[in-house]
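Novice: Below is one structure. I have some questions about it.
The values are calculated or read from the model by the stated rules, or taken from the named source; none is laboratory data. Since we're looking at a predicted model, the values are computed, not measured. Because the Cβ atoms are built from the backbone with ideal geometry, glycine has one as well, and the counts that use them run over all protein chains shown.
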Number of protein chains: 2
Amino acid sequence: MARATIFDVAELAGVSIKTVSRVVNREPNVRASTRERVEKAVAELSYRPDQSARNLASHRSHLIGLVYDDPAAYELPSAGYVISMQQGVLSACRSGLAELLIHPCNYRQKDVGAQLKSLIAETRPAGIIVAAPLSNMPKIVRAIEETGTPIVRISTGSKSGKQYSVATNDRDVCAEMTCYLASLGHKRIAFITGDPNHKAVAQRFTGYQDGLEQSGLKFSDRLVVAGDNSFGSGEACGEELLKRKNPPTAIFAANDDMAAGVVRVADRLGIEVPAQLSVAGFDDTALARQLYPSLTTIRQPLEEMAERAATMLLQGKCEDADADAKGTEIVPATIQIRESTGPAPG
Amino acid sequence: MARATIFDVAELAGVSIKTVSRVVNREPNVRASTRERVEKAVAELSYRPDQSARNLASHRSHLIGLVYDDPAAYELPSAGYVISMQQGVLSACRSGLAELLIHPCNYRQKDVGAQLKSLIAETRPAGIIVAAPLSNMPKIVRAIEETGTPIVRISTGSKSGKQYSVATNDRDVCAEMTCYLASLGHKRIAFITGDPNHKAVAQRFTGYQDGLEQSGLKFSDRLVVAGDNSFGSGEACGEELLKRKNPPTAIFAANDDMAAGVVRVADRLGIEVPAQLSVAGFDDTALARQLYPSLTTIRQPLEEMAERAATMLLQGKCEDADADAKGTEIVPATIQIRESTGPAPG
DNA sequence: GTGAAAGCGCTAACAC
DNA sequence: GTGTTAGCGCTTTCAC
């Protein structure tokens, strides 16, 4: 049995194909009784509209493209980050009759822009979601914009009002975390910065400074060490900080992987966490819960952010090039207090 | 400027659209000089064939569907598993002009079969890759088979010769790991089993038994405890084993998450790893390297397996229903020795 | 080797 | 409210 087409359904329901199309696409202007007849025919023939035909005729697909930094390009731990976003987009897709096309890409390659344009030309997605840190790279964003495809950035930090984006309050929540550490009696709170390409990570540093100020502590760049977002760099930075004559009593790392590195190095140096040292991270990766002691961290609402982004796209809210209408939705991050932080020693 | 169509290219190259089609699809029977002219025109217009039109006309898409167990359905740590497979499929897609459509699905839902059929009817993928454990579930595999779509199972363990599949040697490598532990002098080697729905995990248990036998140790079901693949169950099983009067000196868990649970519980009980207890896992997740002590485990060649599967599909090797031609490719797993295993105490 | 014509299954624009 | 008619941009015959 060949698969049913819109003609088969129309015939069985005794209507024209246009009416079937209306019903399938949930358009208005169909009498309830007609709608029912059509729906019955659809069910009976287990009719599914062919997406290719649909896309071809309508000049758009029902595909959402999700573009993110290729995790294979360096380390694996961003797996959770990617999966969360995929989940978010997928749940929006399920209620929006769409499918998800994933496209990890390596921004270090010269021709990323061209690659993205090819992808778009071939698949004509209904919209593209670009995740951080790519969402902050002009060459990526511009390449997509040039195709005229609606784009939503999952960004972080800065509200650049030029495009639609979904962001979280990295800065504020980092200030909050810093205040929390200060409230535990810590006076020397160190910060490990991350990959400078990652704008969000820079925002976290600013938030740390805000938090110090709000807590009446004064900022010292001696307490700031530069990591690169990796576990290994967390170990290195942690070691440097902890081997000083007057080491910090709390270390706040710009992501969980680096925080995990600090915990590991503390263990090796015989420094007890949290009795002698408090450690906080950012991201709330699976690692954070499984570490011993489990990590106090900040949960980014990635899944929700991705879902919002996909919904914006599917509702067609991002079609117009009208800059005024564009805006940033903020989905707040939340602090997760676990075992790695406690009262300052002494 | 509207995007170029096959007509524009044909006109610029001074040939018919059919010839352009031949060049683009790498078909034979085109004179080299003609091919060149067409390629030049393609480049000049940056022509990209519209996939929708292509699919519509050819009754097939260039999409590969990847179906796997929805990680949101329970815990997050399978993120690495999913990402690895996606990477593998993507690298095959890049050289095969295809795109990847991901479809996590929850096998606990009654209508998974119908959902899969809808997906297939709508997107008409060139083929479907089903990952373990779904690849061992008849209702899933059958639903896909009924649509006539080529399918490759990423399986594990059993070579069920009925379908094309890519598998790894779970059983053999677990025997090897067990022998390795025995060679370190361990006599009481415990095993933590996993989710019974996961056939591969059952194979691991069989491999453990093989390994004991090969090492001249006798199997005792007192040394076998049932986990459910989660970190928490690893903690629980580890605690049960370690609180005995005559505890095992080595624990081999059917996956890394459970092994991590054992390490954590050992730490809490003041048992040193690996001095007093050796712990081994399976999967080589990111966690394995980041744990302290880092985990001796088994690396599954997931990415390679997924790439093989996608390549099989893209080469059209899975079209015929001829059962004889079908077979299982084996990609071997390898032992990764790290810090969590060492000589037996005493 | 190359080309002409006929669709693929749908949506869009308009008529009724 | 509903139907008619043209395509969308390709691949597929099959003819040359």
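Novice: Mind telling me which of the residues B:LEU66, B:LEU12 ends up being away from DNA strand C (no atom under 11 Å from the Cβ), within 37 Å of the chain's Cα centre (by Cα) and not basic (Lys, Arg)?
Specialist: Working: B:LEU12 fails: within 37 Å of the chain's Cα centre (by Cα).
Going through B:LEU66, B:LEU12 in turn, the sole match is B:LEU66.
Novice: Please determine whether any residue of the stretch B:267-279 is under 19 Å from B:ASN169 (Cα atoms), surrounded by fewer than 24 Cβ atoms within 10 Å (Cβ to Cβ), at pLDDT below 95 and among the basic types (Lys, Arg).
Specialist: Our first condition is that a residue be under 19 Å from B:ASN169 (Cα atoms); within the stretch B:267-279, this holds for none.
No, the stretch B:267-279 has no match at all.
Residue-wise test of (1) surrounded by fewer than 22 Cβ atoms within 10 Å (Cβ to Cβ); (2) in a helix (DSSP H, G or I); (3) not assigned by TED's automatic domain parsing to the domain that holds A:PRO274.
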site: A:GLU176; (1), (2), (3): yes, yes, no
site: A:CYS179; (1), (2), (3): yes, yes, no
site: A:PHE191; (1), (2), (3): no, no, no
site: A:ALA200; (1), (2), (3): no, yes, no
site: A:GLN209; (1), (2), (3): yes, yes, no
site: A:ARG222; (1), (2), (3): yes, yes, no
site: A:GLY232; (1), (2), (3): yes, yes, no
site: A:GLU240; (1), (2), (3): yes, yes, no
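Novice: Quick one: in the stretch A:22-49, of everything that is under 37 Å from the mean Cα position of the chain (by Cα) and buried (at least 18 other Cβ atoms within 10 Å of the Cβ), which residue is nearest to DNA strand C (Cβ to nearest atom)?
Specialist: Of the residues in the stretch A:22-49, the ones under 37 Å from the mean Cα position of the chain (by Cα) are A:22-28, A:46-49.
Narrowing the set further to residues that are buried (at least 18 other Cβ atoms within 10 Å of the Cβ) leaves A:22-24, A:47-49.
Numbers: A:ARG22: 8, A:VAL23: 10, A:VAL24: 6, A:TYR47: 7, A:ARG48: 7, A:PRO49: 4 Å.
Going through the qualifying residues, I end up with A:PRO49.
Novice: What do you reckon, is A:SER52 within 14 Å of chain B (Cβ to nearest Cβ), part of a loop (DSSP other than H, G, I, E, B), surrounded by 19 or more Cβ atoms within 10 Å (Cβ to Cβ) and within 13 Å of DNA strand D (Cβ to nearest atom)?
Specialist: When the stated conditions are applied, A:SER52 does not pass them.
Novice: Still on this structure: Kindly provide the set of residues from the stretch B:100-122 that are more than 8 Å from chain A (Cβ to nearest Cβ) and charged (D, E, K, R), ordered by number.
Specialist: Matches in the stretch B:100-122: B:ARG108, B:LYS110, B:ASP111.
Novice: What number goes with the only condition from (1) within 20 Å of the chain's Cα centre (by Cα); (2) of a type outside the set (Lys, Arg); (3) within 29 Å of A:LYS218 (Cβ to Cβ) that A:GLU329 does not pass?
Specialist: All conditions are met except number (3).
Table: residues versus (1) touching a Leu at 6+ places or on another chain (Cβ under 7 Å); (2) facing another protein chain (nearest Cβ under 8 Å); (3) under 30 Å from A:ALA132 (Cα atoms).
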site: A:PHE7; (1), (2), (3): no, no, no
site: A:ALA10; (1), (2), (3): no, no, no
site: A:ALA13; (1), (2), (3): no, no, no
site: A:GLU27; (1), (2), (3): no, no, no
site: A:TYR47; (1), (2), (3): no, no, no
site: A:ARG60; (1), (2), (3): no, no, yes
site: A:LEU66; (1), (2), (3): yes, no, yes
site: A:VAL89; (1), (2), (3): yes, no, yes
site: A:ALA98; (1), (2), (3): yes, no, yes
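Novice: Go through the residues of the stretch B:321-344 one by one and say whether even a single one is buried (at least 23 other Cβ atoms within 10 Å of the Cβ), assigned to a helix (DSSP H, G or I) and away from chain A (no Cβ under 12 Å).
Specialist: Checked the stretch B:321-344: no residue is buried (at least 23 other Cβ atoms within 10 Å of the Cβ), assigned to a helix (DSSP H, G or I) and away from chain A (no Cβ under 12 Å).
Novice: Okay, moving on. When the residues of the stretch B:6-49 are filtered to those that are touching a residue at least 40 places away in the same chain (Cβ under 8 Å) and outside any helix (DSSP H, G or I), which remaining residue is farthest from DNA strand D (Cβ to nearest atom)? Steps first, please.
Specialist: Here is the first cut: in the stretch B:6-49, the ones touching a residue at least 40 places away in the same chain (Cβ under 8 Å) are B:6, B:45-49.
Now narrow it down to the ones that are outside any helix (DSSP H, G or I): B:46-49.
Numbers: B:SER46: 12, B:TYR47: 7, B:ARG48: 7, B:PRO49: 4 Å.
Taking the candidates together, the pick is B:SER46.
Novice: Is the stretch B:192-206 home to any residue that is farther than 25 Å from A:ALA288 by Cα, modelled with pLDDT of 95 or more and touching a Cys at 6+ places or on another chain (Cβ under 6 Å)?
Specialist: No, the stretch B:192-206 has no match at all.
Novice: Need at least 3 residues that are among the aliphatic types (A, V, I, L, M) per element, so show me which strands (runs of 3 or more DSSP E) inside the stretch B:79-173 make the cut, counting only ones lying wholly within it. Even if it seems obvious, please write down each step before you answer.
Specialist: On the way: elements: B:99-105, B:127-131, B:151-154, B:164-167.
The strands (runs of 3 or more DSSP E) meeting that bar are B:99-105, B:127-131, B:151-154.
Novice: Would you pick out the residues in the stretch B:218-232 that are in contact with a helix residue (DSSP H, G or I) (Cβ under 6 Å, 6 or more places away or on another chain) and within 19 Å of B:THR249 (Cα to Cα)?
Specialist: Scanning the stretch B:218-232 gives B:PHE219, B:VAL225, B:GLY227.
Novice: A further question on this structure: Can you find, within the stretch B:209-268, the residue that is farthest from the other protein chains (Cβ to nearest Cβ) among those that are under 25 Å from A:LEU291 (Cβ atoms) and basic (Lys, Arg)? Before you say what the answer is, go through the steps one by one.
Specialist: Within the stretch B:209-268, the first condition is being under 25 Å from A:LEU291 (Cβ atoms), and the residues that meet it are B:225, B:227-243, B:247-248, B:250-268.
Of the ones still in play, those that are also basic (Lys, Arg) are B:243, B:264, B:268.
Working: B:LYS243: 18, B:ARG264: 5, B:ARG268: 8 Å.
Residue satisfying both the conditions and the ranking: B:LYS243.
Novice: Which one is surrounded by the fewest Cβ atoms within 10 Å (Cβ to Cβ), of the residues in the stretch B:280-306 that are in contact with a Pro (Cβ under 9 Å, 6 or more places away or on another chain) and away from chain A (no Cβ under 13 Å)?
Specialist: Result: B:PRO301.
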